[in-house]
Amino acid sequence: MVKGKIAIRKINCSKSRQVTFFKRRTGLIKKAKELSILCDAEIGVIIFSCTGKLYDYASTSMSSVIERYNTMKQDNRQQSITAAEIQFLKKDAESMMQQLRCLQECNRRLMGEELSKLSLEDLKNLENVLEMGLKNVRSRKEQNFVEEMRELKRKVDDVEQENVELRKKSKVIGRDYRESEGEFSAETSSSKEISKMSAQAIPDKDDIPERLLLQLSLQSKPYLLDEQKTTSG
(Lines give C-alpha, C1' and ligand atoms only; values in the text may rest on other atoms or scores of the structure.)
Protein backbone atom coordinates (compact mmCIF):
# COMPACT_ATOMS: atom_id res chain seq x y z
CA MET A 1 0.00 0.00 0.00
CA VAL A 2 1.46 3.35 -1.10
CA LYS A 3 1.64 5.98 1.60
CA GLY A 4 -0.21 9.13 0.62
CA LYS A 5 1.52 12.50 0.45
CA ILE A 6 0.87 14.67 3.47
CA ALA A 7 -0.04 18.28 2.86
CA ILE A 8 2.42 20.68 4.47
CA ARG A 9 0.20 22.74 6.73
CA LYS A 10 -0.48 23.21 10.41
CA ILE A 11 -1.90 20.19 12.21
CA ASN A 12 -4.98 21.27 14.08
CA CYS A 13 -5.09 18.31 16.46
CA SER A 14 -2.75 19.01 19.36
CA LYS A 15 -2.10 15.35 20.07
CA SER A 16 -1.24 14.58 16.47
CA ARG A 17 0.86 17.73 16.34
CA GLN A 18 2.90 16.63 19.37
CA VAL A 19 3.47 13.15 17.94
CA THR A 20 4.56 14.57 14.59
CA PHE A 21 6.87 17.06 16.31
CA PHE A 22 8.56 14.32 18.36
CA LYS A 23 9.08 12.05 15.36
CA ARG A 24 10.39 14.74 13.03
CA ARG A 25 12.57 16.35 15.72
CA THR A 26 14.22 13.00 16.40
CA GLY A 27 14.69 12.34 12.70
CA LEU A 28 16.13 15.85 12.11
CA ILE A 29 18.68 15.52 14.90
CA LYS A 30 19.59 12.01 13.67
CA LYS A 31 20.14 13.34 10.13
CA ALA A 32 22.24 16.19 11.50
CA LYS A 33 24.48 13.75 13.39
CA GLU A 34 24.87 11.56 10.32
CA LEU A 35 25.71 14.56 8.12
CA SER A 36 28.26 15.77 10.64
CA ILE A 37 30.00 12.38 10.79
CA LEU A 38 29.83 11.56 7.09
CA CYS A 39 30.91 14.96 5.74
CA ASP A 40 32.98 16.25 8.69
CA ALA A 41 30.70 19.27 8.87
CA GLU A 42 30.15 21.56 11.85
CA ILE A 43 26.42 21.49 12.48
CA GLY A 44 24.19 23.19 15.01
CA VAL A 45 20.45 22.66 15.33
CA ILE A 46 18.16 24.76 17.53
CA ILE A 47 14.49 23.85 17.91
CA PHE A 48 11.75 25.57 19.91
CA SER A 49 8.50 23.67 20.37
CA CYS A 50 5.10 25.26 20.30
CA THR A 51 5.05 25.07 24.09
CA GLY A 52 8.35 26.99 24.35
CA LYS A 53 10.70 24.10 25.11
CA LEU A 54 14.25 24.23 23.67
CA TYR A 55 15.90 21.35 21.85
CA ASP A 56 19.36 21.73 20.36
CA TYR A 57 22.21 19.76 18.90
CA ALA A 58 25.78 20.81 18.01
CA SER A 59 28.51 18.69 16.50
CA THR A 60 31.17 20.64 18.48
CA SER A 61 29.64 23.24 20.78
CA MET A 62 26.68 25.50 20.27
CA SER A 63 28.58 28.69 21.26
CA SER A 64 31.35 28.09 18.69
CA VAL A 65 28.74 27.30 16.01
CA ILE A 66 26.83 30.52 16.76
CA GLU A 67 30.03 32.59 16.86
CA ARG A 68 31.16 31.18 13.54
CA TYR A 69 27.72 31.77 12.11
CA ASN A 70 27.73 35.45 13.20
CA THR A 71 31.23 35.99 11.78
CA MET A 72 30.35 34.43 8.45
CA LYS A 73 27.07 36.32 8.31
CA GLN A 74 28.85 39.64 8.88
CA ASP A 75 31.49 38.82 6.27
CA ASN A 76 28.83 37.88 3.76
CA ARG A 77 26.94 41.08 4.53
CA GLN A 78 30.09 43.17 4.00
CA GLN A 79 30.84 41.32 0.78
CA SER A 80 27.33 41.91 -0.44
CA ILE A 81 27.58 45.59 0.46
CA THR A 82 30.93 45.85 -1.29
CA ALA A 83 29.54 44.17 -4.38
CA ALA A 84 26.55 46.52 -4.36
CA GLU A 85 28.87 49.52 -3.97
CA ILE A 86 31.02 48.31 -6.86
CA GLN A 87 27.96 47.89 -9.02
CA PHE A 88 26.74 51.37 -8.08
CA LEU A 89 30.16 52.89 -8.80
CA LYS A 90 30.24 51.18 -12.18
CA LYS A 91 26.85 52.62 -13.08
CA ASP A 92 27.91 56.03 -11.82
CA ALA A 93 31.12 55.87 -13.89
CA GLU A 94 29.16 54.91 -16.99
CA SER A 95 26.78 57.81 -16.43
CA MET A 96 29.65 60.25 -15.98
CA MET A 97 31.35 58.99 -19.13
CA GLN A 98 28.11 59.51 -21.03
CA GLN A 99 27.85 63.06 -19.69
CA LEU A 100 31.47 63.71 -20.62
CA ARG A 101 30.88 62.56 -24.17
CA CYS A 102 27.82 64.82 -24.42
CA LEU A 103 29.78 67.79 -23.09
CA GLN A 104 32.64 67.16 -25.50
CA GLU A 105 30.21 66.95 -28.40
CA CYS A 106 28.51 70.16 -27.29
CA ASN A 107 31.87 71.89 -26.95
CA ARG A 108 32.87 70.88 -30.46
CA ARG A 109 29.61 72.25 -31.80
CA LEU A 110 30.14 75.54 -29.97
CA MET A 111 33.58 75.73 -31.59
CA GLY A 112 31.93 75.31 -35.01
CA GLU A 113 32.95 71.70 -35.55
CA GLU A 114 30.85 68.71 -36.62
CA LEU A 115 27.88 70.83 -37.71
CA SER A 116 27.02 68.73 -40.75
CA LYS A 117 24.89 66.33 -38.73
CA LEU A 118 22.76 69.10 -37.23
CA SER A 119 19.35 70.00 -38.60
CA LEU A 120 18.15 73.53 -39.31
CA GLU A 121 16.34 73.68 -35.98
CA ASP A 122 19.45 72.53 -34.13
CA LEU A 123 21.54 75.16 -35.91
CA LYS A 124 19.05 77.86 -34.92
CA ASN A 125 19.18 76.73 -31.31
CA LEU A 126 22.97 76.71 -31.44
CA GLU A 127 22.97 80.22 -32.87
CA ASN A 128 20.70 81.44 -30.08
CA VAL A 129 22.97 79.86 -27.50
CA LEU A 130 26.04 81.53 -29.03
CA GLU A 131 24.30 84.91 -29.16
CA MET A 132 23.25 84.61 -25.54
CA GLY A 133 26.78 83.61 -24.55
CA LEU A 134 28.26 86.52 -26.50
CA LYS A 135 25.82 88.90 -24.81
CA ASN A 136 26.83 87.62 -21.40
CA VAL A 137 30.52 87.96 -22.30
CA ARG A 138 30.08 91.56 -23.41
CA SER A 139 28.08 92.38 -20.30
CA ARG A 140 30.79 90.93 -18.10
CA LYS A 141 33.44 92.77 -20.09
CA GLU A 142 31.65 96.11 -19.60
CA GLN A 143 31.26 95.40 -15.90
CA ASN A 144 34.98 94.68 -15.56
CA PHE A 145 35.78 97.85 -17.51
CA VAL A 146 33.61 99.96 -15.21
CA GLU A 147 35.20 98.41 -12.13
CA GLU A 148 38.69 99.11 -13.49
CA MET A 149 37.74 102.73 -14.25
CA ARG A 150 36.45 103.18 -10.71
CA GLU A 151 39.65 101.74 -9.32
CA LEU A 152 41.79 104.04 -11.49
CA LYS A 153 39.70 107.07 -10.48
CA ARG A 154 40.15 106.18 -6.84
CA LYS A 155 43.92 105.93 -7.32
CA VAL A 156 43.97 109.32 -9.11
CA ASP A 157 41.98 110.90 -6.26
CA ASP A 158 44.43 109.44 -3.74
CA VAL A 159 47.40 110.83 -5.68
CA GLU A 160 45.78 114.27 -5.92
CA GLN A 161 45.09 114.24 -2.20
CA GLU A 162 48.71 113.34 -1.54
CA ASN A 163 49.82 116.21 -3.80
CA VAL A 164 47.62 118.65 -1.88
CA GLU A 165 49.12 117.49 1.41
CA LEU A 166 52.64 117.81 0.00
CA ARG A 167 51.92 121.38 -1.23
CA LYS A 168 50.67 122.35 2.22
CA LYS A 169 53.78 120.89 3.86
CA SER A 170 56.07 122.63 1.34
CA LYS A 171 54.35 125.98 2.02
CA VAL A 172 54.79 125.56 5.78
CA ILE A 173 58.46 124.63 5.35
CA GLY A 174 59.06 127.63 3.03
CA ARG A 175 57.41 130.02 5.49
CA ASP A 176 59.49 128.68 8.37
CA TYR A 177 62.64 128.99 6.27
CA ARG A 178 61.86 132.60 5.35
CA GLU A 179 61.16 133.48 8.96
CA SER A 180 64.43 131.93 10.10
CA GLU A 181 66.31 133.81 7.34
CA GLY A 182 64.71 137.10 8.42
CA GLU A 183 65.73 136.57 12.06
CA PHE A 184 69.29 135.74 11.02
CA SER A 185 69.58 138.89 8.84
CA ALA A 186 68.16 141.02 11.68
CA GLU A 187 70.71 139.62 14.11
CA THR A 188 73.51 140.23 11.61
CA SER A 189 72.48 143.84 11.01
CA SER A 190 72.17 144.50 14.76
CA SER A 191 75.63 143.06 15.40
CA LYS A 192 77.03 145.25 12.65
CA GLU A 193 75.44 148.35 14.17
CA ILE A 194 76.82 147.49 17.62
CA SER A 195 80.32 147.04 16.17
CA LYS A 196 80.01 150.35 14.36
CA MET A 197 78.87 152.11 17.50
CA SER A 198 81.74 150.60 19.47
CA ALA A 199 84.20 151.72 16.86
CA GLN A 200 82.80 155.24 16.97
CA ALA A 201 82.92 155.32 20.81
CA ILE A 202 86.66 154.49 21.00
CA PRO A 203 88.74 157.23 19.23
CA ASP A 204 91.98 156.55 17.46
CA LYS A 205 95.34 157.53 19.02
CA ASP A 206 95.87 160.20 16.40
CA ASP A 207 92.60 161.87 17.38
CA ILE A 208 93.63 162.24 21.13
CA PRO A 209 94.80 165.83 21.89
CA GLU A 210 98.49 166.32 22.72
CA ARG A 211 97.67 168.05 26.00
CA LEU A 212 95.74 165.00 27.21
CA LEU A 213 98.62 162.74 26.31
CA LEU A 214 101.04 165.02 28.20
CA GLN A 215 98.88 164.94 31.31
CA LEU A 216 98.73 161.15 31.20
CA SER A 217 102.49 160.94 30.91
CA LEU A 218 103.05 163.33 33.84
CA GLN A 219 100.61 161.37 35.99
CA SER A 220 102.53 158.17 35.35
CA LYS A 221 106.00 159.62 36.18
CA PRO A 222 105.54 159.92 40.04
CA TYR A 223 104.74 156.21 40.17
CA LEU A 224 107.88 155.45 38.21
CA LEU A 225 110.05 157.63 40.57
CA ASP A 226 108.61 155.88 43.65
CA GLU A 227 109.40 152.48 42.15
CA GLN A 228 113.01 153.56 41.40
CA LYS A 229 113.54 154.80 45.01
CA THR A 230 112.19 151.63 46.42
CA THR A 231 114.51 149.59 44.23
CA SER A 232 117.66 151.65 45.12
CA GLY A 233 116.87 151.63 48.81
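Quick notes on this structure:
- Taking all protein chains as they are arranged and a probe of 1.4 Å, the heavy atoms of L28 leave approximately 90 Å² accessible to solvent.
- Per-residue accessible area (protein heavy atoms, 1.4 Å probe) orders C13, C50 as C50, C13, starting from the largest.
- A cut-off of 5 Å between modelled amide H atoms, ignoring neighbours fewer than 5 places along the same chain, links I47 with Y55, D56.
- The alpha carbon centroids of the stretch 125-142 and the stretch 59-123 are separated by 36 Å.
- Using a simple spin-label model with pseudo-atoms 7 Å out from Cα toward Cβ, E127 and I47 lie 8.6 nm apart.
- The loop-placed trypsin sites (Lys or Arg not before Pro) in the stretch 47-119, going by DSSP, that have at most 11 neighbouring Cβ atoms within 10 Å of their Cβ come out as K53, K117.
- Remark: the stretch 111-124, residue by residue, has Karplus-estimated 3J(HN,Hα) of 7, x, 10, 6, 9, 5, 7, 7, 7, 4, 5, 5, 5, 4 Hz, where x stands for each Gly or Pro and the curve is 6.51 cos²θ - 1.76 cosθ + 1.60 at θ = phi - 60°.
- Flagged links, alpha-carbon separation over 30 Å, of K15/K73; K141/K168; K91/K141; K5/K31: K15/K73; K141/K168; K91/K141
The values are calculated or read from the model by the stated rules, or taken from the named source; none is laboratory data. The structure displayed is predicted, hence computed values, not measured ones. Virtual Cβ from ideal backbone geometry, glycine too; neighbours counted across all protein chains shown. The accessibility values were calculated without ligands, DNA or RNA, using every heavy atom of the protein model including side chains. Shrake-Rupley method; radii C 1.70, N 1.55, O 1.52, S 1.80 Å.
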